[in-house]
Ligand SMILES: Cc1cc2nc3c(=O)[nH]c(=O)nc-3n(C[C@H](O)[C@H](O)[C@H](O)COP(=O)(O)OP(=O)(O)OC[C@H]3O[C@@H](n4cnc5c(N)ncnc54)[C@H](O)[C@@H]3O)c2cc1C
């Protein structure tokens, strides 16, 4: 069955632009309200936002990308995975469906490793107190974190949420934010991967297939297992503060040295200037800092987390949309930041490491994210904010940082200390038009794409970003795993080439 139709058939009404504004808003609000109810009812433990397969259709977490695979399978053993791959014409793998593009879609075989999700933990013989986890790639990050915590261990760093599968996180080289550590891929010691003939092999650091599979969007085979290094468990003090934007930008270098993990939320497109001479950027930004501490976790941390999530949902999921409808985004931006400053400033809450990084982040939203070199951040951000103000397009802009420690061949943070610029607008507005303009800006600043989020590049643009040598290494590794293009779909062919 040809794969070419997968992405086009997948595009939902929202992407084709066929959905009315009212329908889009009602759908987004219904999903947000239902999720808030489940969130409150389960004491902040659960929401309904994961990819799922039902009655012949697979659909992602935010209900935008879908496909109708000829066969959907949830194998439970390596032998079964190998047999399924060997017998299929085309194969894609899906984890939690937490990516924002057509990457997981398949018309032929769609594999879920949800039932191939075990983990065992042993002592690292080389480093006292450290552990090595042998995991099956379907395990979700939240479950791996629990298994590690029970053994007194934790990952160096994590992204901003945790329902994803380890296979999906590897395939998109997931990143968090950090001075010394930034990527899950830093912790990987080896990967077990099934090739297009259905043969499984183990690849280690130094093998090109190992580095190409990280960030390779599933094109180098099915990642079925990993050896993951974890350090002794630690605690994190998380402090949130609203600060003047100009102060944050002037002191960025010092802040990056002082804090082990740092990120910012800018609020773009909230201030629009009828008066052409007025700066349309909001004067305040939210700064998030995480630092290691020997203090024990706070008793109130669970309640604080629930309140933070509810505030995010109210502000990003609902209020911004309402404010825009009544043309009061300017007012909301200023008042919201001041209120937020009153509520959160001067508060540092201590979490166990595995609780400190992730949140549920469950308002229905879209994302596009590029990594740029740090020296371009201020100029790039200014252009992005001007674009959002001009388009009157309210959205959170998340800024994060990683050192040059990614193990991927291709990825947003590969090859340099990186600053990430991410837009995360509510789905109550169309995203593709502004996202394309955003992409043009970040590309001018040397942007590298996150392949787990929206991307509009073609293969030539990708090649010009990474250079011919790196792309040739990537393609050679990919070909050694898959001569016939079994693991490609329309999305990966467009962005990475056939
Ligand atoms: C609320 C939210 C917060 C997020 N925060 C962050 C963040 O902080 N940092 C960040 O970097 N990203 C973040 N992301 C993006 C997301 O985590 C990644 O894109 C990740 O890939 C999703 O994992 P998944 O298991 O859901 O994979 P899926 O979305 O199911 O799949 C992603 C890609 O990986 C491939 N794939 C999946 N499993 C395998 C496998 N076993 N072998 C080979 N290929 C495979 C799929 O085919 C697909 O191309 C966030 C997403 C959401 C929705």
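The values are calculated or read from the model by the stated rules, or taken from the named source; none is laboratory data. Bear in mind that the values here come from a model prediction, so they are computed numbers and not experimental data. Methodologically, a virtual Cβ is constructed for each residue, glycine included, from the backbone with ideal geometry; neighbour enumeration extends over all protein chains shown.
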Q: Could you grab the pairs with beta carbons closer than 9 Å, sequence gap of 6+ or different chains, first residue in segment 265-290 and on the phi > 0 side of the Ramachandran plot, second one at pLDDT 75 or above and in a loop (DSSP other than H, G, I, E, B)?
A: 269/280; 269/391; 269/392; 269/393; 269/394; 269/425
Q) So which residues in segment 68-99 are within 11 Å of the ligand (Cβ to nearest atom) and within 25 Å of the chain's Cα centre (by Cα), if there are any at all? A) 91, 92, 93, 94, 95, 96, 97, 98, 99
Q: Exactly one condition in (1) closer than 19 Å to residue 188 by Cβ; (2) out of contact with any strand residue (DSSP E or B) (no Cβ under 9 Å at 6 or more places or on another chain) is not met by residue 390; state its number.
A: (1)
Q. Counting only residues that are within 10 Å of the ligand (Cβ to nearest atom), more than 23 Å from residue 185 (Cβ to Cβ) and either in contact with a helix residue (DSSP H, G or I) (Cβ under 9 Å, 6 or more places away or on another chain) or assigned to a loop (DSSP other than H, G, I, E, B) (or both), how many does segment 103-140 have?
A. 2
(Q) I'm told residue 186 meets every condition in (1) more than 14 Å from the ligand (Cβ to nearest atom); (2) part of a helix (DSSP H, G or I); (3) farther than 25 Å from residue 493 by Cα except one. Can you identify the failing condition by its number? (A) (1)
Q.
Take residue 321 and tell me if it is outside any loop (DSSP other than H, G, I, E, B), closer than 30 Å to residue 411 by Cα and touching a strand residue (DSSP E or B) at 6+ places or on another chain (Cβ under 7 Å).
A. no
Q) Looking at (1) out of contact with any strand residue (DSSP E or B) (no Cβ under 7 Å at 6 or more places or on another chain); (2) buried (at least 21 other Cβ atoms within 10 Å of the Cβ); (3) at pLDDT 90 or above, which is the one condition that is false for residue 238? A) (1)
Q: Looking only at segment 11-30, decide whether some residue is outside any helix (DSSP H, G or I), touching a strand residue (DSSP E or B) at 6+ places or on another chain (Cβ under 8 Å) and either at pLDDT below 95 or more than 16 Å from the ligand (Cβ to nearest atom) (or both).
A: yes
Q: Would you be able to say whether some residue in segment 437-457 is without any contact (Cβ under 8 Å) to a residue 60 or more places away in the chain, surrounded by 18 or more Cβ atoms within 10 Å (Cβ to Cβ) and touching a strand residue (DSSP E or B) at 6+ places or on another chain (Cβ under 7 Å)?
A: yes
Q: Within segment 145-161, identify whether any single residue is in a strand (DSSP E or B) and more than 8 Å from the ligand (Cβ to nearest atom), and answer yes or no.
A: yes
Q) What is the residue count in segment 215-236 for residues that are part of a strand (DSSP E or B) and more than 8 Å from the ligand (Cβ to nearest atom)? A) 10
